[in-house]
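Remarks on the structure that follows.
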Amino acid sequence: MSSIEKSIDVNVPARTAYDQWTQFEEFPKFMEGVIAVRQMDDKRLHWETNIGGKAEVFDAEITQQIPDKRIAWKSVSGAKNAGVVTFHTLSDTTSRVMLQMEYDPKGFVENAGDVLGVASMRVKGDLDRFKEFIEERGSETGGWRGEVKRDA
């Protein structure tokens, strides 16, 4: 497994950043290679991606969700990945979004890209586009305030 850790400061309150991040179906607007995300229920997401010309679909499960604090997930089919995004208040108008992710590159091309840091650069670009997206709007497109408790 490979790991990525990235963060970005955004000029919106942590609640606003968190609420926007819960709008999974909006991810294609700022995540490169994400064609569609369909939320099946409070815990399950279906992803359609095209990364480097390679179409992939996978399902993910939200394993923990605490409003304004964190969203953790793991894939349950397809491309193996897991991670957590956390939201930190820096001031009344600024927050930090931190993303930690593990993934399993497959095949020569993905492993070569991993060595070259392609996935890390993609995640940084996604966070940069998220910052631009939320700051331009100044408010979230929606929000889910429910909680998903970690399985014991």
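The values are calculated or read from the model by the stated rules, or taken from the named source; none is laboratory data. As the structure is a prediction and not an experimental result, all values here were calculated from the model. Glycine gets a Cβ as well: all are built from the backbone with ideal geometry, and neighbour counts include every protein chain shown. Surface accessibility is based on the protein's heavy atoms, side chains included, excluding ligands, DNA and RNA. Shrake-Rupley method; radii C 1.70, N 1.55, O 1.52, S 1.80 Å.
Worth a mention:
- Filtered residues of the range 43-58 (kept if open to solvent by 20 Å² or more (accessible area, probe 1.4 Å) and under 20 Å from Leu127 (Cα atoms)): Trp47, Glu48, Asn50, Ile51, Gly52
- Checking each residue in the range 102-130 for being at pLDDT 95 or above and over 14 Å from Thr49 (Cβ atoms) picks out Lys124, Gly125, Leu127, Asp128, Arg129, Phe130.
- Taken over the range 25-42, the criterion of being open to solvent by less than 60 Å² (accessible area, probe 1.4 Å) and aliphatic (A, V, I, L, M) is satisfied by Met31, Val34, Ala36, Val37.
- Against the list (1) crowded, with 17+ Cβ neighbours inside 10 Å; (2) over 14 Å from the mean Cα position of the chain (by Cα); (3) assigned to a strand (DSSP E or B), the condition Val12 fails is (3).
- Residues satisfying the criterion are absent from the range 107-129 (criterion: at negative phi and assigned to a strand (DSSP E or B)).
- Test: Met31 is part of a strand (DSSP E or B), within 22 Å of Lys6 (Cβ to Cβ), modelled with pLDDT of 95 or more and under 14 Å from the mean Cα position of the chain (by Cα): no
- Taking each residue of the range 26-42 that is more than 13 Å from Gly125 (Cβ to Cβ) and looking for partners that are among the aliphatic types (A, V, I, L, M) and at pLDDT below 95 with beta-carbon atoms closer than 9 Å, six or more apart or interchain, yields Ile35/Ala55; Asp42/Val148.
- Residue check, Ser75 free of Cβ contacts under 8 Å to residues at least 24 places away in the same chain and open to solvent by 20 Å² or more (accessible area, probe 1.4 Å): yes
- Remark: pairs (first residue in the range 129-152, farther than 23 Å from Ser7 by Cβ; second residue at pLDDT 95 or above and assigned to a loop (DSSP other than H, G, I, E, B); Cβ separation under 6 Å; 6+ apart in sequence or on different chains) = Gly142/Gln23; Arg145/Pro67.
- Matching entry among Thr22, Thr89 (being open to solvent by 70 Å² or more (accessible area, probe 1.4 Å) and either of a type outside the set (Gly, Ala, Ser) or out of contact with any Gly (no Cβ under 9 Å at 6 or more places or on another chain) (or both)): Thr89
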